[in-house]
Amino acid sequence: MAVFVRWTASSLSSLVFFSSPNASSRLSLPCQSFSRFPLHRPFATRPPLHQESGDPASSKLLLKGMEFPELEKWVQSQGFRSGQALMLWKCLYGNNSWAQSHDELAGLNKDFRKMLTENASLKALSVKDVLTASDGTRKILFTLEDGSVIETVVIPCSRGRTTVCVSSQVGCAMNCQFCYTGRMGLRKHLSTAEIVEQAVFARRFFSSEFGSISNVVFMGMGEPLHNIDNVLKASAIMVDEQGLHFSPRKVTVSTSGLVPQLKRFLRESACALAVSLNATTDEVRNWIMPINRKYNLNLLLQTLREELPTKHKYKVLFEYVMLAGVNDSMEDAKRLIELVRGIPCKINLISFNPHSGTRFKPTPDEKMIRFRNVLAEAGVVVFLRLSRGDDQMAACGQLGKPGDIQAPLLRVPEQFQMVV
Ligand code: SF4
């Protein structure tokens, strides 16, 4: 039976992470109504750094939306030294302080603090709820300024590698057929500050309980590379050595296969890449991951073949969610070996987490093991990934709340109609 613990807003208010009644309005991004395609319509991926309150005089700068050089320049433009900017940066991200309010900016000079109180805001999210699954995984629900809710998952590991799984969008446009978030359609992109703050919160609230939060995965709600500007900036803030200082190899951005953005990511970021593969033929992938109709398997894998050798000791992680009767045959295993040949990679075989309304079923464990063994015998580096947090809908593919208007389910190819 699942252990169920819920922290309410009032029990967490001492963490100064909730909206105070006097809090000024925060950043609001333009909203994109749901659309499954096209995937690349023009979108404001670089939101303004200032919060919008309707009153220009009260608009405040969102500090977590800036990388350090930007912050330093702004601090200097306000008449303060760059050393003050560094102290502020360390208050926000380092020294176990993770400040969320102006009262917590200890050690900063009085005039500098006054200027910050008048002109800048330290937080972009408010905690709505925290749920605990029986395996210790936590799901945090954050409310954005416009009332949208996003989900972040903290996954403790007995080997001391606690991971925070962050969201990059409200909903997702990709409509992967096995994914609960995909049912929502895309509501909007998250700002840099809204992404960074999820990792800051995980460190601030869970470090004492779990020890170091050492890993970040962009595998929450959304297709990170559909919001690439903000994701690149947020991941750069996360790996800054004077701040949160995550190792770039421990910050993993996952994509369903947006090829142009994937190329840009590999060229501009030192962080790790995961590609959600999930099929070994275009026919199946076109159905369960419609992005494949735009960037097919051959293009996706050839791009990786060409781009990865330019990076030093870099391996892509392929994720493969196993769906009973759809992508889990031994023929699939053999095709998978051929598909990844020549690509420096490892493969995670992931147990499917059912959610309400899904047509798919998980592959039985024994079959997953047989599938794993076929890959391993061919020399592929392969891991089996057990589901974490599924009793609180905190597992992979289970985040979000689709609501009344849902993305359409696609036509099931004839040969799979018996299995779904
Ligand atoms: S699996 Fe990822 S890319 Fe696909 S719909 Fe879900 S959140 Fe979007």
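The values are calculated or read from the model by the stated rules, or taken from the named source; none is laboratory data. In this text the structure is predicted, and so the values were computed from the model without any measurement. Neighbour counts run over all protein chains shown; Cβ positions are idealised from the backbone, glycine included.
Quick grid of which residues meet (1) in contact with a helix residue (DSSP H, G or I) (Cβ under 8 Å, 6 or more places away or on another chain); (2) farther than 26 Å from Glu72 by Cβ; (3) of a type outside the set (A, V, I, L, M); (4) modelled with pLDDT of 95 or more:
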site	(1), (2), (3), (4)
Gly211	no, yes, yes, no
Asp240	yes, no, yes, yes
Ser256	yes, yes, yes, yes
Phe265	yes, no, yes, yes
Thr281	yes, yes, yes, yes
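In the set (1) within 16 Å of the ligand (Cβ to nearest atom); (2) of a type in the set (Ser, Thr, Tyr); (3) out of contact with any Phe, Trp or Tyr (no Cβ under 6 Å at 6 or more places or on another chain); (4) closer than 28 Å to Arg359 by Cβ, Ser254 fails one condition alone, (3). Residue count for the range 104-157 satisfying the condition of being in a loop (DSSP other than H, G, I, E, B), out of contact with any Asp or Glu (no Cβ under 6 Å at 6 or more places or on another chain) and farther than 30 Å from Gly83 by Cα: 10. For the range 335-344, name all the residues that are in contact with a helix residue (DSSP H, G or I) (Cβ under 8 Å, 6 or more places away or on another chain) and more than 14 Å from Ala279 (Cβ to Cβ). Listed by number, the residues that qualify are Ile337, Gly342, Ile343, Pro344.
Total residues in the range 163-181 satisfying the condition of being within 12 Å of the ligand (Cβ to nearest atom) and either free of Cβ contacts under 8 Å to residues at least 40 places away in the same chain or polar (S, T, N, Q) (or both): the figure is 6. Flag not set for Gly185, criterion: within 13 Å of the ligand (Cβ to nearest atom), touching an Asp or Glu at 6+ places or on another chain (Cβ under 9 Å) and more than 21 Å from Leu122 (Cα to Cα). The residue of the range 293-312 that is nearest to the ligand (Cβ to nearest atom), among those that are part of a helix (DSSP H, G or I) and touching a Gly at 6+ places or on another chain (Cβ under 7 Å), is Leu300. Selection within the range 242-251: residues that are in contact with a strand residue (DSSP E or B) (Cβ under 8 Å, 6 or more places away or on another chain) and of a type outside the set (D, E, K, R). The member of this set that is nearest to the ligand (Cβ to nearest atom) is Val251. So is Cys157 without any contact (Cβ under 8 Å) to a residue 12 or more places away in the chain and more than 9 Å from the ligand (Cβ to nearest atom) or not? So Cys157 passes the test.
Taken over the range 83-103, the residue count meeting the criterion of being surrounded by 14 or more Cβ atoms within 10 Å (Cβ to Cβ) and in a helix (DSSP H, G or I) is 11. The set of residues in the range 266-280 that are within 16 Å of the ligand (Cβ to nearest atom) and among the small types (Gly, Ala, Ser) comprises Ala274, Ser276, Ala279.
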